[in-house]
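Chemist: Below are the C-alpha cells for one structure; questions will follow.
The values are calculated or read from the model by the stated rules, or taken from the named source; none is laboratory data. As the structure is a computational prediction, the values presented were derived from the model and not from experiment. Glycine also receives a Cβ, built like all others from the backbone with ideal geometry; neighbour counts cover every protein chain displayed.
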C-alpha cells in the first residue's frame, strides 16, 4: 500500500453530495481544492461552508467542455455526473456526455498535469447482478438500452476510457466503484431511497417502497465513502475497487429504521417497481481492506441518526 500526500486537488462534481464531502476532507488534509461543477443537479447551498476556506476555489464549468487551470494539479477526482435516478432520467444525454466527454476532459487535465486521476464509478456497472456479493472481477449483468442505461453505460464507458488512458498514455489512474452512499447534504427531492424516506417520514406521508421492498442494498455513510476515495488516490492501485458497506439490508428494513429513528407514524406502502431495479446489491470489500486499508467506520444506526438530524434542520422540499 502506497501513501502519498497531495497539495493541489481538482474535484469535478465538487458541489454534488459526495463531491462536497470530499472537498471538505481534502481541505482538512491541507490541500488547495478547486471544485468544478455546473450546478445542474447540486443544491444551491452545498458549498457555503467550503467557501470560507482560503484554500478553496469554485469554478462554474460544464465538464463536457475542455478544462484548463493555471497552477499545479496533483490529483483529479472525477465525480461529475447526475447520480440520482430522477436526475439522470431527466437528463439522459447530458449524463452520457458527462461520462464520455467529461471523463476524457478530466483525464486530459490529469495527463497534462502529471496528476493522479481517480474515477468515481458506481456499483451500477454490475447491473442486476448474477453474482452475490459483487467482486471487482464480476463483469456485470446490465441492460444496455433500458432507461437506467444512460447512467450505467456512461460509467462503464468511463471505466473503459480510464483504463485506455492508463494503457496508452501511462496515466496514473484509479477506479472506485461506489455503492449506495447516504448522509447529511443529500437533496430532499433527489429521488433516492434515503432522502425520500426521511422526507416522507418527517412530513407524515407514507414511506413508498418500489416493488416489494425486499430488494437489498448496502448503504455507506458519506464520510466513509470520501475516505475511501482519498485512500485510493493515495495508493498506486489502478482499481477497480469497491467502496461500500458490506452489511446488506432490504429496502423495507431501511424504511423501518427511518420510521423508528424519526418516531414517525407514517405507514409503509408499496408502489410500482422500477424498470431494471437490481434485486440484490452488496459489495465484497476484501480488495479495499487489503490494498487500501479501508473499511466503513460509521455503522448504519449511527449514520441514519446523523442523517435524520440533518433532515430535521433542512427544508423538506
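To keep it simple, each residue is scored yes or no on (1) under 22 Å from residue 159 (Cα atoms); (2) at pLDDT 95 or above; (3) in contact with a strand residue (DSSP E or B) (Cβ under 8 Å, 6 or more places away or on another chain).
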| residue | (1), (2), (3) |
| --- | --- |
| 242 | yes, yes, yes |
| 255 | no, no, yes |
| 263 | no, no, no |
| 288 | yes, yes, yes |
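Chemist: Provide a single number: the residues in segment 162-187 that are out of contact with any strand residue (DSSP E or B) (no Cβ under 9 Å at 6 or more places or on another chain), on the phi < 0 side of the Ramachandran plot and either part of a strand (DSSP E or B) or surrounded by 18 or more Cβ atoms within 10 Å (Cβ to Cβ) (or both).
Modeler: Selection size over segment 162-187: 3.
Chemist: Within segment 100-124, which residues are over 20 Å from residue 233 (Cβ atoms), at pLDDT 95 or above and touching a helix residue (DSSP H, G or I) at 6+ places or on another chain (Cβ under 8 Å)? Let's see the steps before the verdict.
Modeler: Filtering segment 100-124 down to residues over 20 Å from residue 233 (Cβ atoms) leaves 100-101, 124.
Now narrow it down to the ones that are at pLDDT 95 or above: 100-101.
Selection gives 100 alone.
Chemist: Related question: Any idea how many residues of segment 227-249 are part of a loop (DSSP other than H, G, I, E, B) and surrounded by fewer than 24 Cβ atoms within 10 Å (Cβ to Cβ)?
Modeler: 8
Chemist: Conditions first: (1) under 21 Å from the mean Cα position of the chain (by Cα); (2) within 19 Å of residue 202 (Cβ to Cβ). Residue 250 passes all but one, so which condition is the exception?
Modeler: (2)
Chemist: In this structure, does residue 209 turn out to be crowded, with 20+ Cβ neighbours inside 10 Å, in a strand (DSSP E or B) and at pLDDT below 95?
Modeler: Yes.
Chemist: Within the bounds of segment 269-280, is there any residue that is at pLDDT 95 or above, surrounded by fewer than 18 Cβ atoms within 10 Å (Cβ to Cβ) and in contact with a strand residue (DSSP E or B) (Cβ under 9 Å, 6 or more places away or on another chain)?
Modeler: No, because not a single residue in segment 269-280 is at pLDDT 95 or above, surrounded by fewer than 18 Cβ atoms within 10 Å (Cβ to Cβ) and in contact with a strand residue (DSSP E or B) (Cβ under 9 Å, 6 or more places away or on another chain).
Chemist: Somewhere in segment 300-307, is a residue in contact with a strand residue (DSSP E or B) (Cβ under 9 Å, 6 or more places away or on another chain), part of a loop (DSSP other than H, G, I, E, B) and under 24 Å from residue 14 (Cβ atoms)?
Modeler: Within segment 300-307 (the criterion being in contact with a strand residue (DSSP E or B) (Cβ under 9 Å, 6 or more places away or on another chain), part of a loop (DSSP other than H, G, I, E, B) and under 24 Å from residue 14 (Cβ atoms)), the answer is no, since none of the residues qualifies.
Chemist: For segment 194-243, which residues satisfy the criterion of being touching a helix residue (DSSP H, G or I) at 6+ places or on another chain (Cβ under 9 Å) and at positive phi?
Modeler: Residues satisfying the conditions are 211, 213, 239.
Chemist: Tell me the strands (runs of 3 or more DSSP E) entirely within segment 1-119 that contain at least 3 residues that are touching a residue at least 60 places away in the same chain (Cβ under 8 Å) and either touching a strand residue (DSSP E or B) at 6+ places or on another chain (Cβ under 8 Å) or surrounded by fewer than 21 Cβ atoms within 10 Å (Cβ to Cβ) (or both).
Modeler: In segment 1-119, 8-12, 75-78 are the strands (runs of 3 or more DSSP E) which contain 3 or more residues that are touching a residue at least 60 places away in the same chain (Cβ under 8 Å) and either touching a strand residue (DSSP E or B) at 6+ places or on another chain (Cβ under 8 Å) or surrounded by fewer than 21 Cβ atoms within 10 Å (Cβ to Cβ) (or both).
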